[in-house]
Amino acid sequence: MNTEPRAITVPQFTAFKAAGRKITMLTAYDYATAQLVDAAGIEGILVGDSLSMVVQGHANTLPVTLEEMIYHAEMVGRAVRHALLVVDMPFPSFHLGVHRAIENAGRILKETRCQAVKLEGGVEQADVIAGLVSAGIPVMAHCGLRPQSVHQLGGYRVQRDGERLMADALAAQQAGAFGIVLECIPATLAVRITAELRIPTIGIGAGIGCDGQILVFHDLLGLTPGRLPKHVKPYADLHGVALDAVKRYRDDVRQAIFPAAEQTFE
Ligand code: KIV
């Protein structure tokens, strides 16, 4: 295990809230994209279980395994120099008791170069969060829309039960979480939770009032064509750019334009 310290530590990340510094986070799943995100000065990189959908092509985040998360996190870990690196605990790696959760999170920390894990849950996972924290494993919680519970929730819907969400956030903080993702909840509720917590809230579909924001890398760059969720702002159309480049290459080869003299050895 490489224990070389990174530029941003867990306590520094948490302290950004008190300092009033907005926190940026993005997902990354491989070496090249992690290098790019890190070079841009993003404070936190998440190896999200969203890789199940955007990299592996599954319909939801349930199929990705612990081994696969570790495989991708290792690649990302080799690239990151500046950002805090967090890895998602996949379903059901933290639902099999505190002991198994520590074992699984311990593997993530030992085999990748990450500093923290993220898990979905609040009140119901408080004992697991506390167990991980007592083992020295920093935990980011994830409340609101919890994609691993998509079948129980009946789809990817905005979560509006304010009392429950506040209780989840407070339970996660009380259990020792150093930060919390709030996914797809009304902006007014996110403002209330953010004001109530000492730890930073990182929103995705939770409005401008959170302490920071996170997006899926592929959504940010327009690599996921089709209907985008309301909370996504694509900052580029890389799908369009890449498709055009591949088609031009195809046409050049068919018309014997590529390779030209510049690409040919004498
Ligand atoms: O897996 C993921 O990418 C996430 C973010 C959307 C927060 O959990």
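The values are calculated or read from the model by the stated rules, or taken from the named source; none is laboratory data. Only a predicted model underlies this, so the values are computations on that prediction, with no experimental measurement involved. As a convention, Cβ positions derive from the backbone with ideal geometry for all residues, glycine included, and neighbour counts pool all protein chains shown. Areas reflect the complete protein model, heavy atoms only, side chains present, ligands, DNA and RNA absent. Shrake-Rupley method; radii C 1.70, N 1.55, O 1.52, S 1.80 Å.
Worth a mention:
- Subset of the range 182-213 (residues that are touching a helix residue (DSSP H, G or I) at 6+ places or on another chain (Cβ under 8 Å), free of Cβ contacts under 8 Å to residues at least 24 places away in the same chain and surrounded by fewer than 24 Cβ atoms within 10 Å (Cβ to Cβ)): Gly207, Ile208, Gly209
- Unmet criterion (only one of (1) under 26 Å from Asn104 (Cβ atoms); (2) within 15 Å of the ligand (Cβ to nearest atom)) for Gln174: (2)
- Residue within the range 65-80 that is surrounded by 23 or more Cβ atoms within 10 Å (Cβ to Cβ), among the charged types (D, E, K, R), within 16 Å of the ligand (Cβ to nearest atom) and closer than 25 Å to Arg146 by Cβ present: no
- Selection from the range 224-238 of residues that are open to solvent by less than 60 Å² (accessible area, probe 1.4 Å) and either over 20 Å from Asp49 (Cα atoms) or away from the ligand (no atom under 13 Å from the Cβ) (or both): Leu228, Ala236
- Members of the range 40-71 found to be of a type in the set (A, V, I, L, M, F, W, C) and assigned to a loop (DSSP other than H, G, I, E, B), listed by number: Ala40, Ile42, Val55, Ala59, Leu62, Val64
- Qualifying residue in the range 43-61 (condition: more than 16 Å from the ligand (Cβ to nearest atom) and open to solvent by 10 Å² or more (accessible area, probe 1.4 Å)): no
- Checking each residue in the range 147-181 for being among the aromatic types (Phe, Trp, Tyr) and either free of Cβ contacts under 8 Å to residues at least 12 places away in the same chain or open to solvent by less than 30 Å² (accessible area, probe 1.4 Å) (or both) picks out only Phe178.
- Residues satisfying the stated conditions in the range 164-218, i.e. closer than 20 Å to Lys230 by Cα and in a helix (DSSP H, G or I): Ala187, Thr188, Leu189, Ala190, Val191, Phe217, His218
- Test for Leu36: is it of a type in the set (A, V, I, L, M, F, W, C), more than 16 Å from the ligand (Cβ to nearest atom), open to solvent by 50 Å² or more (accessible area, probe 1.4 Å) and under 16 Å from the mean Cα position of the chain (by Cα): yes
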